[in-house]
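Scroll down for the structure; my scribbles are underneath it.
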Amino acid sequence: MIHRKGAYSVSDKTKRAWALTGLFASFVFLQFAVLGLGNHAGEGYLPTEQRELVYYALQVFVILGFLAYSVFDRRVEEPRLRRAAAIVVLGFFCVGEAVMLAADRGSLFYLVVTMAVMPCLGGIGGAVYHRMSRETAVGAKTAQVMGFGSALAVALQYFLQLQWGVTPLLPVFMLAAFLLLAHQLLSVSPNPEAKGRDTAPTPPRRLVFSCVIAAVFLLFVGFYNSYIHHLQILTGYTEYNVYSWPRLMMLPGYLLFAVIGDKRQGKLVPIAALCIALAALLNSVLTVSEGTYWLNMCLFYGALSASVAYYDLTFWRLAQGTRRPALWASMGRVLDSAMVLLAGAMHISLLPAPAVLGLNIAGLAVILLLMALGGDFNLSDPLPAASESLRLLSAEDALSRMRERYGLTPRETEVLRELVLTEDKQTVISERLSIQVKTMQDYVTRLYRKTGASTRSGLTELYHACMLDP
């Protein structure tokens, strides 16, 4: 990755860092607040068994929102249409928030509104995570943004919504957070250094490893999450409450990753997450007495903050090297909700302690193996200063190299650029280049003949190979 120094002043960088922290903190606070309200959907209206199903349904709708954003980002390029869609989603989300704050929780209307708000929450989250990924690619200190923003959101929600109940200040802070979020998404453009920057392709194996590791981290905390949620529904959120004071244990966890997450290009993140998540292995045995219940709550929230920090920072770094960055930027959050569903489907809260402990130990073995294979235990500088034998060419330099190597004409190079740098269909590309579809097909045939490739993915592989400048 080639970094251009001095593209804008230090004061500008500081302002953008504060703005980015405000964006992320606003979203996380709204996410916590809305999910906290949503957990009461169906209360007094549905029987206990169905209320647990509502909890899992909310996770499905959040996932659908994240996936919908990734599809929208890939298919819609017109700025005015994108802005109009953002305004509609933000407006619907704002109205839904207001209804959830004011409506009777024991009504069908509250349940329906809650279900409708969750896809909006996921869609907005997809936009925020995509922004964080783009900022990570240009060197922004997104670990600090994630750590401090999440810690602030946890503290605000705890004191405004959980410790004192839904206070009159909660709607005020939710409105302020929404206005800041909307301003950042609609008015503030991504980092200007991102324009024209090229990112090394992310190996598919690395994506698979990271998905499995994140899933196992979430499985570590999944037992207790499912166990306590089941208990709090049975007791009406009185005797057992997952939103009690141990939730504040997330603060030191997030602040730790704010300090170490940007060092050595994130190499310390997997190790720190592994060390903290090991505490979650005790989940299966600390559910007997009241004292162990509170201790387990503290361990649970510490491990949860480590898991979230791991998948956020890992996928933000990897996403820009994929063909679908909007999808991969939020993959950790999608896996989070997916593992909640898996834990519910497995009825993990009802499994005997030895079975849960066995699952956790097996998961730990998988994590250690994948981290070793992925080089996560290598804490040396990932970009040694003395290593000048290999660098990454810009997109234009790589295309110029292909033009010279394969004897391409300027027009063929233009077509090649569209084929390897976009995922658009040939009909869309031909319209953008103002040529006939048949002419476009002729250019593609010539490219195949000259380069020896037989597919579009083959051209892309040749392009990536040319980016490496020995």
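Residue-by-condition table, conditions (1) hydroxyl-bearing (Ser, Thr, Tyr); (2) within 16 Å of ARG16 (Cβ to Cβ); (3) assigned to a helix (DSSP H, G or I):
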| position | (1), (2), (3) |
| --- | --- |
| ARG105 | no, no, no |
| LEU111 | no, no, yes |
| GLY123 | no, no, yes |
| GLY139 | no, yes, no |
| VAL145 | no, yes, yes |
| ALA151 | no, no, yes |
| LEU156 | no, no, yes |
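Just checking, how many residues over region 267-281 are buried (at least 22 other Cβ atoms within 10 Å of the Cβ) and in contact (Cβ under 8 Å) with a residue 60 or more places away in the chain?
The number of residues fulfilling the criteria is 4.
Would you mind finding the one in ALA25, ALA57 that is in contact with a helix residue (DSSP H, G or I) (Cβ under 6 Å, 6 or more places away or on another chain), on the phi < 0 side of the Ramachandran plot and not charged (D, E, K, R)?
Values: ALA57 fails: in contact with a helix residue (DSSP H, G or I) (Cβ under 6 Å, 6 or more places away or on another chain).
Going through ALA25, ALA57 in turn, just one is in contact with a helix residue (DSSP H, G or I) (Cβ under 6 Å, 6 or more places away or on another chain), on the phi < 0 side of the Ramachandran plot and not charged (D, E, K, R): ALA25.
Of the residues LEU327, LEU299, which is modelled with pLDDT under 85, aliphatic (A, V, I, L, M), open to solvent by 20 Å² or more (accessible area, probe 1.4 Å) and part of a helix (DSSP H, G or I)? It would help to see each step written out before you state the result.
Numbers: LEU327 fails: modelled with pLDDT under 85.
On inspection, the qualifying residue turns out to be LEU299.
Give LEU373, LEU359, LEU364, LEU369 a once-over and let me know the one that is part of a helix (DSSP H, G or I), at pLDDT 65 or above and open to solvent by less than 50 Å² (accessible area, probe 1.4 Å). Steps first, answer last, please.
Details: LEU373 fails: open to solvent by less than 50 Å² (accessible area, probe 1.4 Å); LEU359 fails: open to solvent by less than 50 Å² (accessible area, probe 1.4 Å); LEU369 fails: open to solvent by less than 50 Å² (accessible area, probe 1.4 Å).
The conditions single out LEU364.
Criterion first (farther than 13 Å from LEU37 by Cα and either modelled with pLDDT under 90 or not polar (S, T, N, Q) (or both)) does ALA57 satisfy it?
yes
Out of region 423-445, which residues are crowded, with 16+ Cβ neighbours inside 10 Å and in contact (Cβ under 8 Å) with a residue 24 or more places away in the chain?
Of everything in region 423-445, those that are crowded, with 16+ Cβ neighbours inside 10 Å and in contact (Cβ under 8 Å) with a residue 24 or more places away in the chain turn out to be MET440, TYR443, VAL444.
Table: residues versus (1) assigned to a helix (DSSP H, G or I); (2) under 20 Å from LEU185 (Cα atoms); (3) open to solvent by 30 Å² or more (accessible area, probe 1.4 Å).
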| residue | (1), (2), (3) |
| --- | --- |
| PHE61 | yes, no, yes |
| PHE66 | yes, yes, no |
| PHE72 | yes, yes, yes |
| ARG82 | yes, yes, yes |
| VAL95 | yes, yes, yes |
| MET100 | yes, no, no |
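The values are calculated or read from the model by the stated rules, or taken from the named source; none is laboratory data. Here the structure is a predicted model, which means the values were calculated and not measured. Positions of Cβ are backbone-derived with ideal geometry, glycine not excepted, and every protein chain shown enters the neighbour counts. Please note that ligands, DNA and RNA were not included when accessible areas were found on the heavy atoms of the full protein model with its side chains. Shrake-Rupley method; radii C 1.70, N 1.55, O 1.52, S 1.80 Å.
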